[in-house]
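**Student:** If you scroll down you'll find the structure; I have some questions about it.
The values are calculated or read from the model by the stated rules, or taken from the named source; none is laboratory data. Only a predicted model underlies this, so the values are computations on that prediction, with no experimental measurement involved. Neighbour counts are summed over all protein chains in view; Cβ atoms, including those assigned to glycine, are modelled from backbone coordinates with ideal geometry. For the accessible areas, the whole protein counts, side chains as well, though only heavy atoms, and no ligand, DNA or RNA atoms are used. Shrake-Rupley method; radii C 1.70, N 1.55, O 1.52, S 1.80 Å.
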Amino acid sequence: WGNDFRHDYFYIAQFIQKIQDKKYNQQHIPISCFTATANTNVINEIEQYFKEKLNTTFEHFVASPKRLNLSYQATLYDNKKDKTKQLISQVREIKEPCLVYNPASRQQCEELAEQLSSDLGRPFYAFHAGLEANVKANTLTEFIDNTVDGIVATTAFGMGIDKPDIRHVIHYEISSSLEDYMQESGRAGRDGKQSYCYILYTNEDFDKLFFSLIRNKVTQPEIKKI
């Protein structure tokens, strides 16, 4: 929602007005707005938009963000080698749909998928924004149909992808924010059945994330200039 996300959302009211005028003789059309992660300010903004454009009112129905069917576990390892060894050992025991998040880079995503495929003797596919459209589509189809055991994905695996029976979401790298992690781990257990979310990390991973966040902050020269 919003200009900085998808500008076309602001044409929704015009679309609804055209339907009312042409097909329903200006009768009221029920409108439902669904959102998974919007905060209170955004929800109010959406409601205000439709109030102004369509002169309508809304009732709010808010479910709890708690996912009681998900179990969470974070484990610290001494180094990357130990972390990778544990990942391979852990995935070897998994016989259900599995998603490994490796948001560091596309190259690392492909390398990890190749390593898992080689060590486990069964296919693990890479999924990231740099893949050709047909490769990306085929990867998703095989994963959703359970033709392939699992995929290693960057954050490109997200919006619009709804596989209900992912039982294990393993973060090989730490997410950049708590909100990102909630969305990514939330891919597990969409069908309401017991599922598991793991974070495998080292102190080096934590340091890299910390300094990455620091680099994105406003600098002292910028503060002085302002």
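**Student:** When you check LYS83 against the structure, is it of a type in the set (Lys, Arg) and open to solvent by less than 40 Å² (accessible area, probe 1.4 Å), yes or no?
**Tutor:** Details: of a type in the set (Lys, Arg): yes; open to solvent by less than 40 Å² (accessible area, probe 1.4 Å): yes.
For LYS83, the condition - of a type in the set (Lys, Arg) and open to solvent by less than 40 Å² (accessible area, probe 1.4 Å) - is met.
**Student:** Here's something else I'd like to know. Output the number of residues of segment 171-187 satisfying the condition of being under 13 Å from ARG67 (Cα atoms) and open to solvent by 20 Å² or more (accessible area, probe 1.4 Å).
**Tutor:** 3
**Student:** Another one. Between ARG122, ARG67, which is closer than 20 Å to ARG190 by Cβ, in a loop (DSSP other than H, G, I, E, B) and in contact (Cβ under 8 Å) with a residue 24 or more places away in the chain?
**Tutor:** Values: ARG122 fails: closer than 20 Å to ARG190 by Cβ.
Exactly one residue qualifies, and that residue is ARG67.
**Student:** Right, ALA74: of a type in the set (A, V, I, L, M, F, W, C), within 23 Å of the chain's Cα centre (by Cα), at pLDDT below 85 and surrounded by fewer than 13 Cβ atoms within 10 Å (Cβ to Cβ) or not?
**Tutor:** On the way: of a type in the set (A, V, I, L, M, F, W, C): yes; within 23 Å of the chain's Cα centre (by Cα): yes; at pLDDT below 85: no; surrounded by fewer than 13 Cβ atoms within 10 Å (Cβ to Cβ): yes.
Spelling it out, it is not the case that ALA74 is of a type in the set (A, V, I, L, M, F, W, C), within 23 Å of the chain's Cα centre (by Cα), at pLDDT below 85 and surrounded by fewer than 13 Cβ atoms within 10 Å (Cβ to Cβ).
**Student:** Going by the conditions given, is ASN134 out of contact with any Cys (no Cβ under 9 Å at 6 or more places or on another chain), in contact (Cβ under 8 Å) with a residue 40 or more places away in the chain and either of a type in the set (Gly, Ala, Ser) or exposed (fewer than 14 other Cβ atoms within 10 Å of the Cβ) (or both)?
**Tutor:** No; evaluated as a whole, the condition is false for this residue.
**Student:** Hey, another quick one. Any idea which of THR56, THR139 is closer than 25 Å to ASP180 by Cα, in contact with a Phe, Trp or Tyr (Cβ under 7 Å, 6 or more places away or on another chain) and in contact (Cβ under 8 Å) with a residue 12 or more places away in the chain? Walk me through how you get there before you give the answer.
**Tutor:** Details: THR56 fails: closer than 25 Å to ASP180 by Cα.
Residue meeting the stated conditions: THR139.
**Student:** From the list LYS22, LYS66, which one is under 27 Å from the mean Cα position of the chain (by Cα) and open to solvent by 50 Å² or more (accessible area, probe 1.4 Å)?
**Tutor:** Details: LYS22 fails: under 27 Å from the mean Cα position of the chain (by Cα).
Exactly one of LYS22, LYS66 is under 27 Å from the mean Cα position of the chain (by Cα) and open to solvent by 50 Å² or more (accessible area, probe 1.4 Å), namely LYS66.
**Student:** Out of (1) in contact with an Asp or Glu (Cβ under 6 Å, 6 or more places away or on another chain); (2) over 25 Å from GLU114 (Cα atoms), what's the single condition that is false for VAL148?
**Tutor:** (2)
**Student:** Now for a different question. Examine segment 133-151 for a residue that is farther than 14 Å from TYR172 by Cβ and in a strand (DSSP E or B), and state whether such a residue exists.
**Tutor:** If we filter segment 133-151 for residues that are farther than 14 Å from TYR172 by Cβ, which is where we start, we get 133-149.
Next, only the ones that are in a strand (DSSP E or B) stay: none.
No: segment 133-151 contains no residue that is farther than 14 Å from TYR172 by Cβ and in a strand (DSSP E or B).
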